[in-house]
1. So how many residues does the range 150-198 have that are within 13 Å of the chain's Cα centre (by Cα) and within 16 Å of ligand 1 (Cβ to nearest atom)?
2. Can you name the number of the only condition in (1) at pLDDT 85 or above; (2) crowded, with 18+ Cβ neighbours inside 10 Å; (3) assigned to a loop (DSSP other than H, G, I, E, B) that Glu234 fails?
3. Among the residues of the range 6-32, write down those that are surrounded by 15 or more Cβ atoms within 10 Å (Cβ to Cβ), of a type outside the set (A, V, I, L, M, F, W, C) and not in a strand (DSSP E or B).
4. Would you say Tyr166 is more than 22 Å from Ile85 (Cα to Cα) and among the hydroxyl-bearing types (Ser, Thr, Tyr)?
5. Counting just the residues of the range 184-206 that are at pLDDT below 95 and within 27 Å of Pro246 (Cα to Cα), which one comes out surrounded by the most Cβ atoms within 10 Å (Cβ to Cβ)?
6. Looking at Ala37, is it modelled with pLDDT of 95 or more and away from ligand 1 (no atom under 16 Å from the Cβ)?
7. Give the residue that is surrounded by the fewest Cβ atoms within 10 Å (Cβ to Cβ), with candidates limited to residues of the range 144-168 that are farther than 21 Å from Ile7 by Cα and touching a helix residue (DSSP H, G or I) at 6+ places or on another chain (Cβ under 6 Å).
Amino acid sequence: MTNETPIVRLNHLRLDRGGRAVLRDIHLDVPRGSIVAVLGPSGSGKSTLLAALTGELAPAAGSVEVFGQAVPQGRRALLELRKGIGVLLQGNGLLTDLTAAENVALPLRAHTNLPDAVIRQLVLMKLHAVGLRAVADSYPRELSGGMARRVALARALALDPPLMIYDEPLTGLDPIASGVVMELVKRLNDTLGLTSIVVTHHVHETLPVADHAIVIANGGIVFSGTPAQLEASEDPFVRQFLNGEPDGPIAFDAAPRNSEAA
Ligand SMILES: Nc1ncnc2c1ncn2[C@@H]1O[C@H](COP(=O)(O)OP(=O)(O)OP(=O)(O)O)[C@@H](O)[C@H]1O
Ligand SMILES: [Mg+2]
């Protein structure tokens, strides 16, 4: 993989869920070092797209390349790939009966044979990176929502993955905590030389730190460009999404109505 090889490359990608296409003919290159925002209404397929990157969901057609190679099918190769991808899922997924430090240590214990003292040092470094070294021995219930999200971020960083993917990192956070988390995403990306993909419907908090944005709706990419181009777009899909209007070209319930008739 050369420096110019995109960290993620999607080509003619189709992804199916429950026997129906959620996304069709998706093309995307994510250059090394960039932050890409994946925007779109609820149910448009944002989490589904991320599932394809981690190999959780195999393409129905087309290809998904991560780190210059097709996402493998075999279990062993998949585990190896996933060590290189830090994932912050929708919700924190912190274990409530473990301290912040113990939560961050989980991936290190699962994937390395390092001695406890070394793991402790690495954990403290990760917590320091998110500004939370002081709460290492606190339990998640003792932390604010924003702090808990940052602990989850530290855990996602534990194995020094070159690629970070965030699924709705701002859900449930107030504007101040949201600003702190997005600043952190940007700072970690730049100082650690990461590449980041941020899935969100928090457009206004995310665009300022993004290099590139895509909007997905109605089963495809309806916009791909810089945040400035997005803000300036006259496209009716984009305007409807940015303005949060219920009526317009984006069909909000993606699922066929007759399948869930009351
Ligand atoms: N495991 C599954 N089985 C069947 N259908 C699924 C599954 N997961 C998601 N879907 C469907 O795929 C579509 C896209 O879902 P997805 O979770 O990717 O949306 P999203 O953009 O992440 O939405 P949100 O913003 O609400 O998280 C939806 O219509 C959803 O019902
Ligand atoms: Mg989702």
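1. Counting residues in the range 150-198 that are within 13 Å of the chain's Cα centre (by Cα) and within 16 Å of ligand 1 (Cβ to nearest atom) gives 9.
2. Here Glu234 meets the rest and fails (2).
3. Within the range 6-32, Pro6, Pro31, Arg32 meet the criteria.
4. Answer is no for this residue.
5. That would be Thr206.
6. Details: modelled with pLDDT of 95 or more: yes; away from ligand 1 (no atom under 16 Å from the Cβ): no.
For Ala37, the condition - modelled with pLDDT of 95 or more and away from ligand 1 (no atom under 16 Å from the Cβ) - is not met.
7. Only one residue tops the list, namely Gly146.
Table: residues versus (1) outside the structural domain of Leu173 (by TED's automatic domain parsing); (2) in contact with a strand residue (DSSP E or B) (Cβ under 6 Å, 6 or more places away or on another chain); (3) of a type outside the set (Ser, Thr, Tyr); (4) modelled with pLDDT under 95.
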residue: Ala61; (1), (2), (3), (4): no, yes, yes, no
residue: Arg76; (1), (2), (3), (4): no, no, yes, yes
residue: Thr99; (1), (2), (3), (4): yes, no, no, no
residue: Val104; (1), (2), (3), (4): yes, no, yes, no
residue: Pro115; (1), (2), (3), (4): yes, no, yes, no
residue: Ile119; (1), (2), (3), (4): yes, no, yes, no
residue: Leu124; (1), (2), (3), (4): yes, no, yes, no
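The values are calculated or read from the model by the stated rules, or taken from the named source; none is laboratory data. Keep in mind that this is a model prediction, so the values were computed, not measured. We place every Cβ from the backbone using ideal geometry, glycine too, and count neighbours over all the protein chains shown.
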